[in-house]
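Student: Take a look at this one; I'll ask things after.
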Amino acid sequence: MTLGKLISARRKIMRMTQEELATIIGVSKSAVAKWETDGGIPDRDNLKKLSEVINVPLEHLYRSIGWSEINDTDLNINITPDIINILESYGYKVIRPGNDDDKKEV
């Protein structure tokens, strides 16, 4: 899904007009219309505001644009053994890194 289609879909789900969205973000209605038709993309600050208003994580907006600033390695999480023990104490099954023989299912 393109950024424009995503913005348009979320705006409609939230029952907002282009003008209402524009007012909240602090841009013109024509700017929102341009974004929704993929005629342009918001600058970084407006993209952050847009993310908050339409309740879509900023990373999703970046990915819909195809920017390389966000990649899968940035989204990896480093979990310490203490956190793994806590998760397992609550019944979660954790795949432990490093040893293929000891892997548990997620």
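The values are calculated or read from the model by the stated rules, or taken from the named source; none is laboratory data. Source: prediction; values computed, not measured. Neighbour counts run over all protein chains shown; Cβ positions are idealised from the backbone, glycine included.
Results for (1) modelled with pLDDT of 80 or more; (2) surrounded by 14 or more Cβ atoms within 10 Å (Cβ to Cβ); (3) of a type in the set (Asp, Glu), shown as yes or no for each residue.
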| residue | (1), (2), (3) |
| --- | --- |
| ARG15 | yes, no, no |
| GLU19 | yes, no, yes |
| VAL56 | yes, yes, no |
| LEU61 | yes, yes, no |
| ASP72 | no, no, yes |
| ASN76 | no, no, no |
| ILE84 | no, yes, no |
| VAL94 | no, yes, no |
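Student: Related question: Condition first: of a type outside the set (Asp, Glu) and at positive phi. Now tell me which residues in the range 11-39 satisfy that.
Tutor: Residues satisfying the conditions are ARG15, GLY26.
Student: Could you tell me whether any residue of the range 3-12 is part of a loop (DSSP other than H, G, I, E, B) and surrounded by fewer than 17 Cβ atoms within 10 Å (Cβ to Cβ)? Lay out the reasoning, then the answer.
Tutor: Let us first name the residues in the range 3-12 that are part of a loop (DSSP other than H, G, I, E, B), namely none.
Checking the range 3-12: not a single residue is part of a loop (DSSP other than H, G, I, E, B) and surrounded by fewer than 17 Cβ atoms within 10 Å (Cβ to Cβ).
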